[in-house]
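Inspection log for the structure reproduced underneath, given as structure tokens.
The values are calculated or read from the model by the stated rules, or taken from the named source; none is laboratory data. Source: prediction; values computed, not measured. All Cβ positions, even for glycine, are placed from backbone atoms using ideal geometry, and neighbour counts span all protein chains on display.
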Amino acid sequence: MNEANARQKAKGKRQKLQVRNRCVSTVLLPFAFCLLPFALLLSGSRCLAQDARTIIEEVQKRNRTASQRYEGTLQVIDNKKITDKRWIYKRKGSFGESKSVLIFTAPAEVKGVALLIVNHPDRASDQWMWTPSLERERRIAFQDRSTRFFGTDFSFEDLEERDAGQSDFKLLGDDKLDGVDCWLIEARPKEAKQSQYTSVKLWVRKDHWMFMQAESYVKDTLARRMNYSDFAAVQGIWTARTLTILDARRGSRTIMRLEKLAYNEPMKDDDFTIQALRREGS
Amino acid sequence: MILLRLISWPYVRKHLLRTMLTTAGIVLGVGVLVGMRTANETVMGAFQHTVDKIAGATQLQISAGDTGFEEDVLERVQSVPGVRTASAVIEAVAATDLPGQGNLMILGVDMTGDRSLREYSFESGDEAVIDDPLVFLAQADSLMVTSEFAARNHLQTNSRVPLRTMEGPKQFTVRGIMKAGGMASAFGGNLAVMDVYAAQKVFGRGRRFDRIDLAVKDGYTVPQVRQAIQKAIGPGFTVEAPTDRGAQFESIVAAHRISINISSVFALLIGMFIIYNSFTIAVTQRRYEIGILRALGAGRGQIRTLFLMESFIEGVIGSAVGLALGMGLARGMMGQIGGLIESLYGLDQPGNGVLSADPWLLGASFAVGVLTSMFAALLPANEASRVNPVTALQKGKAQEISEKETRLRGWAAVIFGAVAAGCLVFGAYRFIFYFGFLLTILGALLLTPTIALGITRLLRPLLSRLRPVEGALAADSLIQAPRRTAATVAALMLSLTMVVGFGGVAGASYHSITKWMEIALNPDLVVATSDNLASRTYRFPASLGEAIRKLDGVRVVQDVSAPRIIFRGKPILLVAIDITSVQQNAPRRPVQGDETTMYREASAGRGIIAAENLAELQHLRLGEVVDLPTPAGVLHLPLVGIVEDYSDQQGTFLIDRTLYKRAWNDDTCSLFRVYTAKGVSPLEVRQKILDRFGGQSKLFVFTNQELRNYILKITDQWFGMSYAQIFVAIFVAILGIVNTLTVSITDRRRELGVLQAVGALRNQIRHTIWMEAVTVGLVGLLMGLGLGAIYLYYMLEVLRRDVAGLRLGYEFPVSIALALFPVILGAALLSALGPAEAAVRGSLVEALEYE
Amino acid sequence: MIELRGVSKQFEGKRKVTALENVDLLVPKGELVSIVGASGSGKSTLLNLIGGLDRPSSGQIFVDGQNLTGISDDDLTRVRRDKIGFIFQFFNLLPTLTCLENVALPLHLRGWTRAKAHERSRELLELVQLGARMEHQPDELSGGERQRVAIARALSIFPPIVLADEPTGNLDSHTGAEILRLIHDLRDRLGATVLVVTHDAKVAESCQRTLTLRDGRIIGDERRG
């Protein structure tokens, strides 16, 4: 979640420096679904323990792929009323210039419900939900991004990918998490209005240049904590295959698992439109 | 105080029955006032309560009458700076097929964002509103109900609830249960939430929303944001606080309120006369006692205070009982008012039976009751204080009205009459008009003794011809006690005045409505979405009209949209219909304007036609340009004609349907008017429509006769309430007669004793009393009919100016007047039975003795 | 004409008051009887019982041969209407009626036509020398005149029995004497049986027979010449 915040912050203004072109997008992770890709390429490498922004940019760089696909499961712990969900996730592009589609496959009641997210390098994403039973889409308004994503501990905002340029970063120092050496970085969205979070603390593991944990704060209160685990290199890209998010205010947790990961498959822009959702759904 | 206990209490105890009858006047007056107002307020309060509860944290609501608006307005609103959350809403009332549950208020909202506006407390206590929000949204049949409703119908999660939808009856699934309290308490728990997009489909709304609810961001003020929104979306929309919606609803019941106020005033006036009467009698009867008190040194002030205290206590008791009675009445009437509002406006209020008694109203009514009682006792109390100790101890008559007083009354009445007439000339001002109205009634009351005496004198020979002894005695007894007689006659006159007034208005209304139905309501069939024609829950797609048009035996189908829109702050009816077709099939002669021009301009979409009542209420003039708010902006249309039309009490505009479709971008229909081909039975066509479309769409087909009956039924409901008031008024007046007679026989105990001593049989005594009662009834009746004739004029004016804008022809309700003769004379006779029996009972010896 | 057998009358109240106790009395036709006694001795009660205004607690009363015991209220009224004329201390005229109407009242009550009743009433008023006051209302008359109207009313039906309760009690002595003369005169003319309750010794002495009551019993029954 921290990452999410950070992304948000990063939004707009990435202009100056860095990254222009190709973006470097980046932001921190897309939380949730999307995110997964943090892959880090080469491992190790030297650590130029430069400043915070450089670190984040490096993380994004290592996670950059032309596309991503996986099958996910979502489990809300301690809430029997919310059944486990399965979906197929596809993303074309990376970070601020990516588009993604998430189609639920199980349980039967939600089969065919889809979410289309179009990220923007300089502002919050556009999100639509497709409901087959009504044969129509609905826009998830920006005002609603801080609400919970269908009873899970994610918020809609946590589904976005953002560029590093949308946030300011500050290196707080080194830290050790589960015996792994990390940099501890604080991200603040440049335009506070665009995010529900005030700041995000990110733990970046030094060995794989990957996020290990993100804590999102509203004011000074911890709102959500995301833990990345079950790391593996998929097609040479380091990916955390389990994400656990904790809603600190409600004390409830949701676990997301990524399976059948595949990177850089060819994908068509046409598949990331509302029309495509309509096709898929029907 | 000690006087009260020593002097008043024994008297009251001795005349307990009479005291009770007297107090009944106040009881009924206060009861009617409280009852009717409370019933009204409760229904209104329930509505406001519903609005408030449903509104939750909503600070502003955006609407465009009944028509709704397109979805993109939501994004425009959401992007206005200062808007924290804006959420689309569809509000509808749907019939459930659950036994005994009637209608369910359905709120369609977007659950993704709506939660920051509305508190949905869940049974589990978990914030997770719905068991599984994704499932709720994914399934179009998801419904969230209140725990109260669930308990009543033994529903649990995943239970099925049948609802009537545009596509016929459908099963919905409970996927969430709201805890009681908060929003769930609105509509007595008959409330359900569904997804707004599902609601669009279920209720035939197309891609439109009814309303947007929104909350303002911190740092912005509501007026600021309201202005910004109005600017962003244009003047065709109403942007208002949820509390303002109540104000609109209020104008709906305003008509009812005016008639309640008039009735209450009458009820209290009637009560006042009964009390006045009673005290006058008491003073007369107690002259001797007063004389003794005065002789023993009681001051005038003390005597006056004594009587005022008595009236105060009587007022307090009467008012207290009246409050209780009022609450009972309110309970009884609530259903009736609710029913009326439902059939008029399609709003259902399954009240939870909780009366919302306004403490101010209760307090004020109480005070009014007590003050009325004291005011009524003021004159008698003054008279008592003027009792001369010497003459009081001798025998004498005190009831007579001096010539001076008669003359004074006469002059005052003449002056009142003249001023009232003057008020009519300058009656354009509301205040002056009502002032004149009041003066007319007061003038009539001032003249009551004189006229009542005059009539009784005229009747005397007639009565003595009928029964030489009894008739003459009856008439004399009335003539002998002019105050007593006049007060009773006044009470009766007032109540009959009301009867004539309401009867006349009802008669004129029925007459006009029937005439209008003959001309304007001539389609053979009407296809509607509900058995309640006023319901605006469902809408038909225009394609259905096309399909009906293609049926064999159908000659013409007129598509009609009839949304309620807000015009100058009032919810009025907009009827959009093919004007050319109207001209061909149901041509109406305009009250104002040229027929040809009217139809030509209106059908071309270059003009608008107003119902006469709307023109009257809003002071619209022919040729004036009317500003009609539409979601696309304000439509400026010249008024090309004014026609008689009783579709809606608040007023109706007629425009061409093509224009409507363009300006509102809405082609849904409220109903279809169907004309069958020559020689084809409408019943046959109705069957065809039902067979062909009944399965796929929710529709009701009315024949012309059914339609008329429906309208007459609503009219009946409306007047039914007036009838209830009339009934009460007559009842009070009859009580007045009972009271007068009871007093009269007490007064004349000795006289009746003499009669019996010199040989009057008991039946002869009875007949005397009966004739007395019937004479009072007759006098009251004649005067009531006379004043009623004037009152009817005022009622029609009130109706035209302030209630419904209707210009109804003056027509004295002859049949009602004729029916009143047996009713009132019979009631008078009935009311005499008890007193007459009392008169023949009891000891003759005592009656003849002196106290 | 009038017969009482063992008549008693008690008034129920907080305390039982015995007004008459075991009274036996026989008054033949045409007799003029005065009844005297202290206040509360039972004389008015006796008169009321004979006049059928009240019923005895025990004993029997016969009027003109008819037993009043156990007959209905209406039958009692008929006895009054047809056989008894009342004269009261306070006249008890109906204030709203003229003298003529007051006198005609009992006749109307018997169902006489207006013309016939008025004819008889005029005669009677002439008889009591009030021919000039026929259309006046009672409050326009003096006490003596009012009592004469009352007497005319009592006689309007030519009753066999006339009961007078203190007929002069409310009049000055001169007028009282006049009224007394009138009563004698009428009795002689009509041959009625007359009972007069009185305080006035002169009145009592003018009668053929005087009954004296004390505590509800007849303690004296004196006949004169």
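Laid out as a table, the results:
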{"read-out": "Members of region A:107-162 found to be facing chain B (nearest Cβ under 7 Å), at pLDDT 85 or above and in contact with a Pro (Cβ under 6 Å, 6 or more places away or on another chain), listed by number", "value": "none"}
{"read-out": "First in region B:134-145 and more than 7 Å from every other protein chain (Cβ to nearest Cβ), second anywhere and small (Gly, Ala, Ser), Cβ under 6 Å, 6 or more apart", "value": "B:136/B:142; B:143/B:192; B:144/B:176; B:145/B:192"}
{"read-out": "Residue among B:817, B:828 that is crowded, with 16+ Cβ neighbours inside 10 Å and touching a Leu at 6+ places or on another chain (Cβ under 7 Å)", "value": "B:817"}
{"read-out": "Verdict on residue C:79 being out of contact with any Pro (no Cβ under 9 Å at 6 or more places or on another chain) and either more than 10 Å from chain B (Cβ to nearest Cβ) or crowded, with 24+ Cβ neighbours inside 10 Å (or both)", "value": "no"}
{"read-out": "Residues (within 20 Å of residue B:199 (Cβ to Cβ) and out of contact with any Ser or Thr (no Cβ under 8 Å at 6 or more places or on another chain)) located in region A:111-128", "value": "A:128"}
{"read-out": "Some residue of region A:94-103 being at pLDDT 85 or above, under 30 Å from residue A:191 (Cβ atoms), surrounded by fewer than 22 Cβ atoms within 10 Å (Cβ to Cβ) and within 20 Å of the chain's Cα centre (by Cα)", "value": "yes"}
{"read-out": "Residue A:220 being surrounded by fewer than 23 Cβ atoms within 10 Å (Cβ to Cβ), among the acidic types (Asp, Glu) and closer than 17 Å to residue A:249 by Cβ", "value": "yes"}
{"read-out": "Hits in region B:651-672 (condition: closer than 19 Å to residue B:521 by Cα, not in a strand (DSSP E or B) and not hydroxyl-bearing (Ser, Thr, Tyr))", "value": "B:651, B:657"}
{"read-out": "Test: residue in region B:555-562 that is hydroxyl-bearing (Ser, Thr, Tyr) and either farther than 29 Å from residue B:687 by Cβ or surrounded by 16 or more Cβ atoms within 10 Å (Cβ to Cβ) (or both)", "value": "yes"}
{"read-out": "Among the residues listed as B:34, B:93, B:51, B:77, the single one being touching a residue at least 12 places away in the same chain (Cβ under 8 Å), among the hydrophobic types (A, V, I, L, M, F, W, C) and within 14 Å of another protein chain (Cβ to nearest Cβ)", "value": "B:77"}
{"read-out": "Unmet criterion (only one of (1) hydrophobic (A, V, I, L, M, F, W, C); (2) more than 9 Å from chain B (Cβ to nearest Cβ); (3) more than 17 Å from residue C:48 (Cα to Cα)) for residue C:161", "value": "(3)"}
{"read-out": "Only one of A:82, A:103, A:88 that is under 20 Å from residue B:139 (Cα atoms) and more than 14 Å from chain B (Cβ to nearest Cβ)", "value": "A:88"}
{"read-out": "Residue in region A:18-38 that is modelled with pLDDT of 80 or more and on the phi > 0 side of the Ramachandran plot present", "value": "no"}
{"read-out": "Filtered residue count, region A:136-176, keeping only those that are acidic (Asp, Glu), within 30 Å of residue A:62 (Cβ to Cβ) and surrounded by fewer than 22 Cβ atoms within 10 Å (Cβ to Cβ)", "value": "3"}
{"read-out": "Evaluation of residue B:466 against (1) within 30 Å of the chain's Cα centre (by Cα); (2) surrounded by fewer than 21 Cβ atoms within 10 Å (Cβ to Cβ); (3) at pLDDT below 85 (one fails), failing number", "value": "(1)"}
{"read-out": "Test for residue A:133: is it surrounded by 22 or more Cβ atoms within 10 Å (Cβ to Cβ) and not acidic (Asp, Glu)", "value": "no"}
{"read-out": "Region C:129-165, residues that are assigned to a loop (DSSP other than H, G, I, E, B) and either under 17 Å from the mean Cα position of the chain (by Cα) or not small (Gly, Ala, Ser) (or both)", "value": "C:129, C:130, C:134, C:135, C:136, C:137, C:141, C:156, C:157, C:158, C:159, C:160"}
{"read-out": "Matching option when the condition is in contact with a Gly (Cβ under 9 Å, 6 or more places away or on another chain) and closer than 26 Å to residue B:523 by Cβ, among B:605, B:593", "value": "B:593"}
{"read-out": "Residue match in region C:132-147 (condition: at the interface with chain B (Cβ under 9 Å from one of its Cβ atoms) and of a type in the set (Lys, Arg))", "value": "no"}
{"read-out": "Residue B:698, sole failed condition from (1) at pLDDT below 75; (2) in a helix (DSSP H, G or I)", "value": "(2)"}
{"read-out": "Given (1) modelled with pLDDT of 80 or more; (2) within 13 Å of chain A (Cβ to nearest Cβ), number of the condition residue B:131 does not satisfy", "value": "(1)"}
{"read-out": "Residue satisfying condition, being within 21 Å of residue A:158 (Cα to Cα) and among the aliphatic types (A, V, I, L, M), within set A:277, A:243", "value": "A:243"}
{"read-out": "Subset of region B:189-214 (residues that are outside any strand (DSSP E or B) and away from chain A (no Cβ under 12 Å))", "value": "B:189, B:190, B:203, B:204, B:205, B:210"}
{"read-out": "Region C:95-128 - residue that is part of a loop (DSSP other than H, G, I, E, B) and over 20 Å from residue C:147 (Cα atoms) and, of those, nearest to the other protein chains (Cβ to nearest Cβ)", "value": "C:110"}
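Let's see how each residue does on (1) charged (D, E, K, R); (2) farther than 30 Å from residue B:282 by Cα; (3) part of a helix (DSSP H, G or I):
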position	(1), (2), (3)
B:405	yes, no, yes
B:415	no, yes, yes
B:419	no, yes, yes
B:424	no, yes, yes
B:428	no, yes, no
B:442	no, no, yes
